[in-house]
């Protein structure tokens with residue numbers, strides 16, 4: 001059987017409250033009995049004063065009225081039969097008939113635990129009646145009966161005054177504690193339900209972080225853990241989507257790239273045959289076409305290697321030569337677009353161990369991206385320098401374009417992320433993979449109103 005957490009919390013508290021109620025009832029009953037015993041002891045003290053062997057009190061009305069004022073009880077004295085000289089006296093007006101069903105007790109029969117006597121009614125008022133027989137000699141009223149009537153209302157008031165504080169303290173305190181526990185339990189259950197709702201949203205794909213509670217407790221720690229889990233799941237989902245896109249791209253581009261590479265190879269062969277058969281023709285435009293076809297073929301291979309570890313062997317690579325080739329391939333595009341491409345080669349040898357094909361992709365994509373970003377009348381500057389902290393080289397490609405749009409700036413190196421209308425967002429992703437495959441890194445920043453791509457390669 002499913003039992004709510006709220007009721008699991010309230011069950012032991014309810015048992016504790018029942019225990020508190022039982023303890024309060026026992027204490028109240030004990031207090032009531034104690035109050036009644038005190039009243040009885042007072043009445044017996046009065047009786048002892050009036051009826052003791054050494055007592056010299058005469059049961060006149062003034063004396064009985066004084067005793068009434070001290071004890072709150074009514075008194076009735078009935079003289080013994082055969083004593084016509086002694087008259088009955090009472091504090092009642094008029095004098096009542098003595099109740100016959102009240103048992104007779106004497107001071108000699110005084111019990112360890114006193115009582116107020118039997119319940120009786122006199123003139124419509126309830127009393128507790130004590131009937132004392134005077135047996136001591138030479139008492140002047142030996143053989144007579146002294147009735148002590150203690151009002152039931154006074155007894156109830158005394159009991160209520162003794163019990164009421166305990167009932168208020170136990171009842172109000174217990175109910176207050178129960179109300180606080182209910183409120184606390186409801187608040188706790190509400191927070192747990194909010195956490196449950198948030199985890200269900202995460203399971204449905206909503207990875208937004210939930211607001212943290214103000215109270216610093218275990219539930220806040222749990223909320224922080226849930227938010228951390230949501231962040232990790234969001235990152236995993238992005239990675240999964242990226243891998244899925246790459247997988248679909250690989251499936252789609254495998255056959256397409258094969259066909260396009262065959263077409264590019266056929267075009268290259270036709271140009272090479274034309275140059276062989278026509279030695280007097282101007283070869284430079286056709287050589288440019290050959291280089292462009294080679295670039296097309298290399299770009300098609302990027303579809304097949306994106307997301308896969310490089311499989312080419314390492315060999316010494318002259319960075320100046322590779323950058324020269326990349327700049328030469330892009331110069332016709334710059335001339336057509338009206339973009340100035342500035343390349344200042346280093347006079348020092350800049351040789352690293354790497355894969356020339358991967359490095360060509362790296363330089364060609366970064367410089368090509370800068371040329372497109374600079375646009376007409378823009379400027380692209382390519383520089384090569386050694387790092388100052390050890391063996392290695394830094395290539396910086398600077399363009400005067402407006403820079404990437406803010407909505408994609410942080411995801412610029414992810415596949416299929418592009419700010420170009422006709423772009424597919426693979427060039428910088430390939431470049432980043434090539435840089436990292438050589439133990440380097442590719443980054444970018446805005447500097448003095450220009451966009452600077454920084455390629456760091458170890459020596």
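Only the coordinates and a few stated rules stand behind these numbers; no lab work does. Since this is a predicted model, take the numbers as computed values, not measurements. Heads up, the Cβs are rebuilt from the backbone with ideal geometry, glycines too, and the neighbour counts pull from every protein chain shown.
So how do 450, 321, 432 line up by other beta-carbon neighbours within 10 Å, fewest first?
Least to most surrounded, the residues fall as 321, 450, 432.
Looking at the square roots a ≥ b ≥ c of the eigenvalues of the Cα gyration tensor of the range 151-227, which shape do they give, rounded for a/c under 1.5, prolate if a/b is larger than b/c, or oblate?
It is prolate, given that a/c is not under 1.5 and a/b is the larger ratio.
Please give the length that would be gained between residue 224 and residue 236 if that part of the chain were fully extended, namely 0.36 nm times their separation in residues minus their C-alpha to C-alpha distance (nm, one decimal).
2.5 nm
Compute the relative contact order of the range 5-163 as a whole-number percentage, counting only Cα pairs closer than 8 Å that sit 6 or more residues apart in sequence.
Relative contact order of the range 5-163: 28 percent.
For the pair residue 167 and residue 61, what calculated FRET efficiency results from E = 1/(1 + (r/R0)^6), where r is the Cβ-Cβ distance and R0 = 35 Å, to the nearest 0.05?
0.25
Would you work out if the range 313-458 is rounded, prolate or oblate? Take a ≥ b ≥ c from the square roots of the eigenvalues of the alpha-carbon gyration tensor; rounded if a/c is under 1.5, else prolate when a/b is larger than b/c, oblate otherwise.
prolate
Using 0.36 nm per residue of separation minus the Cα-Cα distance, give me the extension gain between residue 107 and residue 193 in nm, one decimal.
In short, 23.7 nm is gained.
Grab the Cα-Cα distance for residue 447 and residue 402, subtract it from 0.36 nm times how many residues apart they are, and report the gain in nm with one decimal.
15.1 nm
Any idea what the relative contact order of the range 112-235 is, in percent, if you count C-alpha pairs under 8 Å spaced at least 6 apart?
It rounds to 13 percent for the range 112-235.
When only Cα pairs under 8 Å and 6 or more residues apart are kept, what is the percent relative contact order across the range 310-459?
Computed over the range 310-459, the figure is 23 percent.
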